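Notes to accompany the following structure.
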Amino acid sequence: MSNSLATVFVDRIRSVVGHQPEPIGLHVPEIGELEKKYINECLDSTFVSSVGAFIPKLEERMQEITGARHAVAVSNGTVGLQVAMFLAGVEPGDEVVIPTLSFIATANAVSHCGAHVYFVDSETTSMGMSADSLRAALESFTRSGSSLINPATGRRIAAIVPMHTLGHPVDIEAIVAVANEYGVPVVEDAAESLGSFVGSKHTGTFGLTGMISFNGNKIVTTGGGGVILTNDEVLGKRAKHLTTTAKLAHKWEFEHDEIAWNYRMPNLNAALGMAQLDKYPRYLEQKRRLAAKYQAAFEGVEGLSFVAEPAGTTSNYWLCAIRLDEPSLALRDELMSAAHEAGLLVRPMWNLLHQQRMYQAAGRADVSVATDLHASLICIPSTPALAEAV
């Protein structure tokens, strides 16, 4: 049966993306004349580094798209998430609750704050953090004054960091409600979800702070980069200050008022990003149309199903994915091998974070749903232009 399922898997993808002489990548950025035009404008200005006109333009555009009061451009998503946690009050020795089904950057950003991770489970529909698993974990912790303490480690629970998996919005309203009950701030890892909404509200704006990535494989890229999002006036200004070396404004003096970071996005990257953001509405429309084609192609296939956006949300479908009806790493790998042999560069989900050697000793809840998801999901080619392939 698995051989025939592998054939169906490949054929259904091909029915959407067509046949091409070169392998079809997972998510390939579109770099064209507009990007070259803006980059040349940046080069001609000579402002290619930490100052220049494209940086504030990109920040303003991201405020318009997300509705966040502040969007601060940074050099990559990982440092953006680190600063977003720092702004939320995460300190060395604290503990931060994150999903085990996430990219390594979520856990690493916690470690870069000097804090420790505590892993909770995912829920099936969104593949993101389970509000029920989160509640169960927080109920097992104890109060000490205004702080929530993990009695097993004695550490303060400083933040909760849900991640919007593959661009599908997590059940963020339920997570924020649980977090508010326990007085723990939410920092959203919205790295993959530019263009994703819960109702009319953009991901990354539900928590105290959030972060969106512009890595080369994201829906919009600056080569490497990201933005910190917040609606808090004080935190927004502090985010800009801390990511630009905490330098005080002066015509010539180099005076800094605290230890900070040089996490600024270069103007050259912002120029690339502005060209991409000019195309963003088309990218989003193409990605959603591609997702609809995949959903139709896999309709009725026994043993496989297309991963659709959760009810009440609008997903950017950053990466389209297929789910096995029954978790099986062996079958998953068999289908991926068949796809690669056919020139379709599919990929699995990330290895679970609690199994990574750096985090095997970290505390965790039961993560059986995440374990099943890891053995069930295959990401399939999701470049926006593939919507026009057939």
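Which of the helices (runs of 4 or more DSSP H) found entirely inside the range 1-86 contain at least 3 residues meeting this: under 30 Å from C113 (Cβ atoms)?
Ranges flagged: 54-66.
Right, S337: out of contact with any strand residue (DSSP E or B) (no Cβ under 8 Å at 6 or more places or on another chain) and either outside any loop (DSSP other than H, G, I, E, B) or free of Cβ contacts under 8 Å to residues at least 24 places away in the same chain (or both) or not?
Values: out of contact with any strand residue (DSSP E or B) (no Cβ under 8 Å at 6 or more places or on another chain): yes; either outside any loop (DSSP other than H, G, I, E, B) or free of Cβ contacts under 8 Å to residues at least 24 places away in the same chain (or both): yes.
Criteria met by S337.
Can you spot a residue in the range 262-280 that is among the aromatic types (F, W, Y), under 19 Å from P384 (Cβ atoms) and crowded, with 23+ Cβ neighbours inside 10 Å?
So far as the range 262-280 goes, no, none of its residues is among the aromatic types (F, W, Y), under 19 Å from P384 (Cβ atoms) and crowded, with 23+ Cβ neighbours inside 10 Å.
Do we find a residue being touching a His at 6+ places or on another chain (Cβ under 8 Å), in a loop (DSSP other than H, G, I, E, B), free of Cβ contacts under 8 Å to residues at least 12 places away in the same chain and not aromatic (F, W, Y) anywhere in the range 225-248?
Scanning the range 225-248, I find at least one residue that is touching a His at 6+ places or on another chain (Cβ under 8 Å), in a loop (DSSP other than H, G, I, E, B), free of Cβ contacts under 8 Å to residues at least 12 places away in the same chain and not aromatic (F, W, Y), so the answer is yes.
May I ask you to list the residues in the range 200-211 that are outside any strand (DSSP E or B) and touching a strand residue (DSSP E or B) at 6+ places or on another chain (Cβ under 8 Å)?
If the condition is that a residue be outside any strand (DSSP E or B) and touching a strand residue (DSSP E or B) at 6+ places or on another chain (Cβ under 8 Å), then T203, G204, T205, F206, G207, L208 are the ones that fit.
Since Q360 meets every condition but one in (1) in contact (Cβ under 8 Å) with a residue 12 or more places away in the chain; (2) of a type outside the set (D, E); (3) on the phi < 0 side of the Ramachandran plot, which condition does it not meet?
Looking at each condition in turn, Q360 falls short on (1).
Would you check if G204 is surrounded by fewer than 24 Cβ atoms within 10 Å (Cβ to Cβ) and in contact (Cβ under 8 Å) with a residue 40 or more places away in the chain?
Here the answer is no, as G204 does not meet what is asked.
Residues that are in the same structural domain as G210 (by TED's automatic domain parsing) and not acidic (D, E): list the strands (runs of 3 or more DSSP E) wholly contained in the range 114-196 that include at least 2 such residues.
116-120, 142-144, 147-150, 155-160
Surrounded by fewer than 16 Cβ atoms within 10 Å (Cβ to Cβ), assigned to a helix (DSSP H, G or I), hydrophobic (A, V, I, L, M, F, W, C) and not assigned by TED's automatic domain parsing to the domain that holds E41, is that true of A296?
So A296 passes the test.
Sort through I13, I24 and tell me the only one that's in contact with a Gly (Cβ under 7 Å, 6 or more places away or on another chain), surrounded by 16 or more Cβ atoms within 10 Å (Cβ to Cβ), more than 30 Å from T244 (Cα to Cα) and not assigned by TED's automatic domain parsing to the domain that holds S111.
Of the residues listed, the single one that is in contact with a Gly (Cβ under 7 Å, 6 or more places away or on another chain), surrounded by 16 or more Cβ atoms within 10 Å (Cβ to Cβ), more than 30 Å from T244 (Cα to Cα) and not assigned by TED's automatic domain parsing to the domain that holds S111 is I24.
The values are calculated or read from the model by the stated rules, or taken from the named source; none is laboratory data. Not measured: the values here are computed from a predicted model. So basically every Cβ, Gly included, is an ideal-geometry build from the backbone, and we count neighbours across all protein chains shown.
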